[in-house]
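The values are calculated or read from the model by the stated rules, or taken from the named source; none is laboratory data. Values in this document were obtained by computation on a predicted structure and should not be read as measured data. Cβ placement follows ideal geometry from the backbone for every residue including glycine, while neighbour counts extend to all protein chains displayed. For the accessible areas, the whole protein counts, side chains as well, though only heavy atoms, and no ligand, DNA or RNA atoms are used. Shrake-Rupley method; radii C 1.70, N 1.55, O 1.52, S 1.80 Å.
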Amino acid sequence: MTLQDHISSSLRKGKHSETLLINQLSLERIENDKKVYKLGFGQSPFPVPIEITKQLQLAAGRKEYTSVQGLKELRQSICDFHKEFENKSWQPEQIIVAGGSKILLFCIMAAFKKAEILLPAPSWVSYEPQGKLAGHEVNWIGTTFNHKWSLTAKQLDDYCIARDKEFPLILVFNYPSNPTGQTYNANQLSDLAGVMKKHKIIVIADEIYSLLTYKKNYPTLSDYYPEGCIVSSGLSKWCGAGGWRLGFHYIPKELGEDFKQAVIGVASETYSCASTPIQVAATYAYRNMDEARMFLNRQKRVLNQISQYVAQELNQINIFTHTAQGGFYLFPDFSHYRDSLEAIQIYSGEDLTSRLMDDIGVVLLPGSAFGMANNSLTARLAFVDFDGSQIFSDDIKELSNNNEESTTSAQFEFNKIKEGIKILCQWFTNLN
Ligand code: PLP
């Protein structure tokens, strides 16, 4: 036996190789002075506001460990912020802070002896390997384009009625979604909550993109199912601070002190606490709500504008795409072109994304990376390849101060995305 034979099979070998291949192909193109349109990888294009970075500089000398749960004043400011923006009724003692929400998703799963992790397909890439690494059974439940890639209450109810397992069911429920950009309205959430209550489902509501929901007032699952809904969020998306690594979970009291202590136990035995200077800067970010509101409004308007532009261009040539309702992503369905694609030996999303990379330098990630079937002709398109610092430009600032409602996007440039979409559309229209 080699060391290789002892490596955990829970890690996504196949999916790692998909992204590696695409990375390698894009590097080769760049070396050959060919253009690459980076519509594959999504991270916030907006810089962290300068005042918040100054707070981080000032806090650099804070070298002590904090409690595992995080600084009390940070947890209080998280509660106040989410009360103001999303009407959440949280208590600081129910918040656990970490270096990113991702490790907390794992800590929650690792706190269970045996559980079933249920994921709507498509879902973010890391839930499945995390569930498997924690030793659980992971199952998928398919969604469709016609239902805007949303899980329906009936689907969930039917699944639970047919389910015959002793151990708890944990649903990871992410909205606005990575990879689809779709979210849930009040009726959908209320219907789903009825089923969740009936079957006592433990839900991890991954709301990392919720503050980037384009609509002003939006519901969240804890409005309807507060008792069973763990909420996952953090600075990475709304504050443009993915690399700062600051996330948190809210654990409802109803799940019990023992459960919370078990999660804190896993946190304590793995990451100890989030970086202290980052916690101090995050406290400032969450406390300064007027600045945050302005920052959020500008980001949302720009993202909404780009999403609408891209979806419209794609839909015009029958690449069916729902406009995003929040976040950074669209999830186009290319199946209208299936026959023409099969004629050139493209049978799967992976075949399609490799060919697009090779032919025109447009990078997308195949739907199969997100739990879709291999033959699904879907892909994730991230529309964040632009210079987000434009939203802080003086012109935009002045306009925004005078009239926050009708501002910003008019002058906003996203030419690289426009060019990439044009080339993509040409490639498809040439197929016919
Ligand atoms: N959940 C989703 C859906 C994400 O897209 C990401 C980041 O890409 C995360 C969670 C993890 O975010 P964090 O930076 O807080 O670990």
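Points worth noting:
- Residues being within 16 Å of the ligand (Cβ to nearest atom), touching a residue at least 60 places away in the same chain (Cβ under 8 Å) and either in a loop (DSSP other than H, G, I, E, B) or open to solvent by less than 10 Å² (accessible area, probe 1.4 Å) (or both) - total across the range 107-117: 3
- Some residue of the range 4-19 being β-branched (Val, Ile, Thr) and closer than 30 Å to Thr220 by Cβ: no
- First in the range 38-66 and away from the ligand (no atom under 16 Å from the Cβ), second anywhere and modelled with pLDDT under 95 and of a type in the set (D, E, K, R), Cβ under 8 Å, 6 or more apart: Pro49/Glu291; Glu51/Glu291
- Among the residues of the range 179-208, the ones that are in a loop (DSSP other than H, G, I, E, B), open to solvent by less than 10 Å² (accessible area, probe 1.4 Å) and within 15 Å of the ligand (Cβ to nearest atom) come to 5 in all.
- When residues in the range 139-152 are screened for being within 16 Å of the ligand (Cβ to nearest atom) and farther than 17 Å from Pro179 by Cβ, 0 of them pass.
- Hey, Gln43 under 28 Å from Gly326 (Cα atoms), at pLDDT below 95 and open to solvent by 20 Å² or more (accessible area, probe 1.4 Å) or not: yes
- Per this entry, Ile161 is not counted among residues that are β-branched (Val, Ile, Thr), open to solvent by 10 Å² or more (accessible area, probe 1.4 Å), within 21 Å of Ile117 (Cα to Cα) and in a loop (DSSP other than H, G, I, E, B).
Residue by residue, here is whether (1) at positive phi; (2) touching a helix residue (DSSP H, G or I) at 6+ places or on another chain (Cβ under 6 Å); (3) open to solvent by 10 Å² or more (accessible area, probe 1.4 Å); (4) of a type in the set (Ser, Thr, Tyr) holds:
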position: Ala343; (1), (2), (3), (4): no, no, yes, no
position: Tyr347; (1), (2), (3), (4): no, no, yes, yes
position: Asp351; (1), (2), (3), (4): no, no, yes, no
position: Ser354; (1), (2), (3), (4): no, no, yes, yes
position: Val362; (1), (2), (3), (4): no, yes, no, no
position: Gly371; (1), (2), (3), (4): yes, no, yes, no
position: Asp385; (1), (2), (3), (4): no, yes, yes, no
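- Tally of residues being part of a loop (DSSP other than H, G, I, E, B) and hydroxyl-bearing (Ser, Thr, Tyr) across the range 209-222: 4
- Residue check, Val172 in contact with a helix residue (DSSP H, G or I) (Cβ under 6 Å, 6 or more places away or on another chain), surrounded by 22 or more Cβ atoms within 10 Å (Cβ to Cβ) and modelled with pLDDT of 95 or more: yes
Here is a yes/no grid of residues against (1) small (Gly, Ala, Ser); (2) part of a loop (DSSP other than H, G, I, E, B); (3) under 18 Å from Ser232 (Cβ atoms); (4) at pLDDT below 95:
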site: Pro120; (1), (2), (3), (4): no, no, yes, no
site: Gly131; (1), (2), (3), (4): yes, no, yes, no
site: Ser150; (1), (2), (3), (4): yes, yes, no, no
site: Glu166; (1), (2), (3), (4): no, yes, no, yes
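- Among (1) modelled with pLDDT under 95; (2) on the phi > 0 side of the Ramachandran plot - the single one Gly135 does not satisfy: (1)
- Scan of the range 65-74 for residues that are of a type outside the set (Asp, Glu) and open to solvent by 20 Å² or more (accessible area, probe 1.4 Å), ordered by number: Tyr65, Thr66, Ser67, Val68, Gln69, Leu71, Lys72
- Top-ranked residue in the range 76-106 [being among the basic types (Lys, Arg) and either open to solvent by 70 Å² or more (accessible area, probe 1.4 Å) or within 16 Å of the ligand (Cβ to nearest atom) (or both); ranked as farthest from Leu212 (Cα to Cα)]: Lys102
- Residue, farthest from Ser177 (Cα to Cα), within the range 16-39, restricted to residues that are at pLDDT 90 or above and open to solvent by less than 70 Å² (accessible area, probe 1.4 Å): Val36
- Index of the failed condition, Glu166 passing every other in (1) within 12 Å of the ligand (Cβ to nearest atom); (2) closer than 16 Å to Ile202 by Cα: (1)
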